[in-house]
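One structure is given here, and the rest of the page talks about it.
Just so it is clear, none of the values below were taken in a lab; they were calculated from the coordinates. Just so it is clear, the structure is predicted and the values come from calculations on it, not from any experiment. Glycine gets a Cβ as well: all are built from the backbone with ideal geometry, and neighbour counts include every protein chain shown.
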Amino acid sequence: MRIAVLAGGVGGARFLAGVKAHLGWQPDGSAPADSPDEIIAIVNTADDIRLHGLQICPDLDSCLYTLSGQADTERGWGRAGETWTVSRELADYGAEAPWFSLGDKDIATHLVRTRMLDAGYPLSAVMAAIGERWQPGVRLLPMSDDRVETHVVVDRPAADRAQDGAQGGAQGGAQAGADGDTERVALHFQEWWVRYRAGLTPHAITPVGADVATPAPGVLEAIRDADLVLIAPSNPVVSIGTILAVPGIREAIRSTAAPVVGVSPLIDDKPIRGHADICLAAIGVEATAQAVGRHYGARSVDGLLDGYLVAEGESADVPGVLVADIPLLMTDPGATAAMVAACRRLVGI
Ligand code: GDP
Ligand code: CA
């Protein structure tokens, strides 16, 4: 069985752990004996950011660390057993982006990655090399080797610009607001998400560069050659939406012979963690499982899905799509494996 999964960070990583469990991977990380199965994840890279000269790929690394048993599951990101010496030193220097903490162990990953990128290797090759150490059991493909960056247009307190002056500032043209108290800026996704905790209402969310990006090597083939394509319960806008914005990926999903099944990231109309509801509002989609299903749409009618899972006790009317309800809380890989089995049942494979 070859399964291709569209994935973001934490939601994507947990879902992939469930796909592994479904295919017989053991809780201690050991592979099933003689398994011919292959899992390929197509991972969002539009959250990636360069800080302190280091290329940071939050979603790829969430998948990498989670799938190799190295993630801090309580904090929800980064490495377990992490220390913060370098970040504290940088903060004491007043170095740019004090709102983004980097763990010491994590920094080693970013150093290795940046050195390889600077030597000319594409991100897909770099992640394959980094995966050699961690053996995540899933082929982690960046959606693209090209630079794509989600920017969020917001009105923010004008005073924040002064604060940024010494630190490099936000990207994009700043304009003083009419009353002088706020200014409209395009923030990097991470600044909006981490610094402002998605507390500034977005006027627009745009994956800058996606329209001229090409899928990374292996991405289109993974979708074409899969027996099953799954859309993880990741953020439909800033994780799945950005992957689908890379030309060719949506078309590959629409034309693959494999069934395509999506999973709702919302339970009881709310994201489990994060701010998917705010992102959905920014693109005019209601924060309900049904609205997300309709946003993805049916393959038979110009969309992506053959099947769609919603949370137990919920229903969704998505024309042309088979819908089933099942517990959707990814508490552990075993529970998540049941979701993957339900995806297969839904489309009869
Ligand atoms: P990020 O890149 O780290 O923000 O992670 P993703 O985009 O992959 O996933 C974020 C989404 O995962 C959020 O919208 C959450 O609602 C969803 N999510 C997290 N945990 C669960 C869970 O246990 N069940 C479901 N159905 N969705 C979840
Ligand atoms: Ca992310």
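What to note about this one:
- Rounded to the nearest Hz, the phi-derived 3J(HN,Hα) couplings of the range 325-338 under the Karplus curve 6.51 cos²θ - 1.76 cosθ + 1.60 (θ = phi - 60°) are 10, 6, x, 10, 7, 8, 5, 7, x, x, 4, 5, 4, 5, where x marks glycine and proline.
- For the range 2-57, a Kirkwood radius taken over Cα pairs fed into Stokes-Einstein (37 °C, viscosity 0.692 mPa s) yields D = 254 µm²/s.
- Sequence-ordered 3J(HN,Hα) estimates for the range 194-199 from the Karplus curve with 6.51, -1.76 and 1.60 and θ = phi - 60° stand at 8, 5, 9, 6, 6, x Hz, glycine and proline given as x.
- Helix-derived mean residue ellipticity, 222 nm - over the chain, DSSP H n ≥ 4, -39500 (n - 2.57), to 500: -9500 deg cm²/dmol
- Kirkwood Rh in Å, taken over the range 218-349 so that all alpha-carbon pairs contribute: 14.7
- Dividing the convex hull volume of the alpha carbon atoms of the range 21-85 by its residue count gives 124 Å³ per residue.
- For the range 191-210, the residues whose backbone nitrogen is under 11 Å from a point 7 Å from the Cα of Trp99, taken along Cα to Cβ, are 191-200.
- Highest GNM mean-square fluctuation among Arg75, Arg147, Arg197, for the chain modelled with Cα contacts below 10 Å: Arg75.
- Spin-label pair Arg88/Asp155, simplified geometry with 7 Å Cα→Cβ offset, distance in nm: 4.1
- Evaluating 6.51 cos²θ - 1.76 cosθ + 1.60 at θ = phi - 60° for every residue in the range 250-264, the Karplus couplings come out as 4, 5, 5, 5, 5, 10, 5, 6, 6, x, 10, 10, x, 10, 5 Hz, glycine and proline recorded as x.
- Counting only DSSP beta bridges whose two residues both lie in the chain, roughly 45 percent are antiparallel.
- Where GluC sites (Glu not before Pro) fall in DSSP loop in the range 46-110, at most 12 other Cβ within 10 Å: Glu74
- For the chain, averaging the sequence separation of C-alpha pairs within contact (under 8 Å, six or more residues apart) and dividing by the residue count gives a relative contact order of 19 percent.
- When only alpha carbons are used to place a centre, the range 229-270 and the range 20-57 end up 17 Å from one another.
- Most fluctuating residue given options Pro136, Pro265, Pro327, as computed from a GNM of the chain linking Cα atoms under 10 Å: Pro327
- Cβ-based exposure ranking for Ile205, Ile240, in which fewest neighbours within 10 Å come first: Ile205, Ile240
- Qualifying chymotrypsin sites (Phe, Trp or Tyr not before Pro) for the range 187-258 [loop in DSSP, other Cβ within 10 Å: at most 16]: Tyr196
- Förster-model FRET efficiency, 22 Å R0, Val212 and Glu286, C-beta, rounded to 0.05: 0.10
- Multiplying each eigenvalue of the alpha-carbon gyration tensor of the chain by 5 and taking the square root yields semi-axes of 32, 25, 18 Å, largest first, rounded to whole angstroms.
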